[in-house]
Amino acid sequence: MKRAMLLILLMLCVCLCGCRGPDAPSSPADEKKRIVVGFSQVGAESDWRAANTLSMQRALCAENGYRLILDDAQQKQEKQITALRNFVNQGVDYIVLAPTTEQGWETVLQEVKAAGIPVIIVDRMIEVSDTSLFTCWIGSDFRREGDTAAAWLDRQFGSRPLSIVHLQGNIGSSAQIGRTEGLNAALESHPAWQVVFREAGDFIQAKGQELVEEVLKKGIAFDVIYAENDNMAYGAAEALKKAGLAPGKDVTIVSFDASSTALHMILEGEISYDVECNPLHGPRVRAIIEQLEKGETPPKYTFVEETAFERSGLKEETIRVRGY
Ligand code: GZL
């Protein structure tokens, strides 16, 4: 009898300790099962960046089996380097890096490689002598974006004289390098085009506005503003309006990113052309991690599909469906 009682008592203990209802809060065991991803993000400087961050958060969420550790570097590479070192110390499973600039990653990526943590580069490119320092890259062809914008300028203005104000992104970032190269190539083939002002606005709206206010104050004449992202284009349009000029009428604005605000400005006639830069890397990064988890090898480089927008053919519905 005593033995039977003991047995029942033992089974009761096992049951109470071992089982959990379906809706029990996640235990440390569950927490352990999640894939931990350290994401070093450039910052929060633009609509594009906000959409990119949200895309990553939605894809690498707890419901999908991830724990995302997001670090905002405020556009400073040194903060990203610190973040990568912290991720190594935290023993994350994967690192996703959206690099501020192309140079300066060798040392810290050597440390990450030594720790055996795969690195996925998103958005902009990095320049490293040893490409085994990162597993794969997914992002945009920025030179093609610049060429696309320059080709539109050619269709609008041909070989007529053109004075261009060029608002650059962060100097040394792939987005700035590629978009600037595209314009420079067009300047080579259009001798009557000239850049009358070129400064870095760091992809920030306030700086875009300040630079155009500076140009207007100096009395520099110009026909076109080539803004390397939408937020600088918003600032530029604001500066023109404050000076009594009509963006899209008195001055043509060409921009990059194609965020929803900018596309509405196209509908309103303020921005004339906008080259898309797709920020929705979250699902792509998740697919890459799931490939790696299965021991598969993702492509080393993946360029995302992108288009461009102007007034003709653009509808409210297009903007709504794109959702960012
Ligand atoms: C482009 C991205 C750029 C965007 C800006 O892929 O790196 O950085 O064009 C953002 O809006 O700040």
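Some points to look at:
- Boolean, residue 316 is in contact (Cβ under 8 Å) with a residue 12 or more places away in the chain, in the same structural domain as residue 270 (by TED's automatic domain parsing) and open to solvent by 50 Å² or more (accessible area, probe 1.4 Å): yes
- Every pair of residues 6+ apart whose Cβ atoms lie under 8 Å, when the first sits in the range 167-194 and is open to solvent by less than 50 Å² (accessible area, probe 1.4 Å) while the second is β-branched (Val, Ile, Thr) and away from the ligand (no atom under 16 Å from the Cβ): 167/212; 183/164; 183/195; 187/195; 193/164
- All positions within the range 171-185 that are more than 16 Å from the ligand (Cβ to nearest atom) and within 13 Å of residue 145 (Cβ to Cβ): 185
- Every residue from the range 185-208 that is closer than 17 Å to residue 222 by Cα, under 24 Å from the mean Cα position of the chain (by Cα) and not charged (D, E, K, R): 208
- Within the range 232-249, tally of residues that are open to solvent by 10 Å² or more (accessible area, probe 1.4 Å) and within 16 Å of the ligand (Cβ to nearest atom): 1
- The range 294-305 - residue that is of a type in the set (D, E, K, R) and modelled with pLDDT of 95 or more and, of those, least open to solvent (accessible area, probe 1.4 Å): 300
- Helices (runs of 4 or more DSSP H) contained in the range 37-132 and holding at least 3 residues within 12 Å of the ligand (Cβ to nearest atom) and surrounded by fewer than 23 Cβ atoms within 10 Å (Cβ to Cβ): 47-59
- Residue 106 falls short on exactly one of the conditions (1) assigned by TED's automatic domain parsing to the domain that holds residue 289; (2) acidic (Asp, Glu); (3) in contact (Cβ under 8 Å) with a residue 40 or more places away in the chain, and that condition is (3).
- For the range 264-287, taking the residues that are crowded, with 21+ Cβ neighbours inside 10 Å, aliphatic (A, V, I, L, M) and over 17 Å from the mean Cα position of the chain (by Cα), the one that is farthest from the ligand (Cβ to nearest atom) is identified as 266.
- Qualifying residue in the range 153-172 (condition: under 23 Å from residue 284 (Cβ atoms) and of a type in the set (D, E, K, R)): no
- Across the range 283-293, not a single residue is classified as modelled with pLDDT of 95 or more and either assigned to a strand (DSSP E or B) or under 22 Å from residue 181 (Cβ atoms) (or both).
- Any hit, the range 97-119, residues being under 30 Å from residue 33 (Cβ atoms) and touching an Asp or Glu at 6+ places or on another chain (Cβ under 6 Å): yes
- Residues in the range 133-157 that are of a type outside the set (A, V, I, L, M), open to solvent by 20 Å² or more (accessible area, probe 1.4 Å) and away from the ligand (no atom under 11 Å from the Cβ): 135, 143, 144, 147, 148, 154, 155, 156, 157.
- Search result, residues across the range 270-282 that are within 22 Å of residue 67 (Cβ to Cβ) and outside any loop (DSSP other than H, G, I, E, B): 282
- Filter result for residue 306 (within 16 Å of the ligand (Cβ to nearest atom) and within 25 Å of residue 157 (Cα to Cα)): yes
- Among (1) more than 16 Å from the chain's Cα centre (by Cα); (2) closer than 21 Å to residue 152 by Cα; (3) of a type in the set (Val, Ile, Thr) - the single one residue 220 does not satisfy: (2)
- The residues of the range 250-263 that are within 15 Å of the ligand (Cβ to nearest atom) and polar (S, T, N, Q), listed by number, are 255, 259, 260, 261.
The values are calculated or read from the model by the stated rules, or taken from the named source; none is laboratory data. The structure displayed is predicted, hence computed values, not measured ones. When we count neighbours, we look across all protein chains shown, and the Cβ atoms used for this are built from the backbone with ideal geometry, even at glycine. Side chains are part of the model used for accessible areas, which takes the heavy atoms of the whole protein and leaves out ligands, DNA and RNA. Shrake-Rupley method; radii C 1.70, N 1.55, O 1.52, S 1.80 Å.
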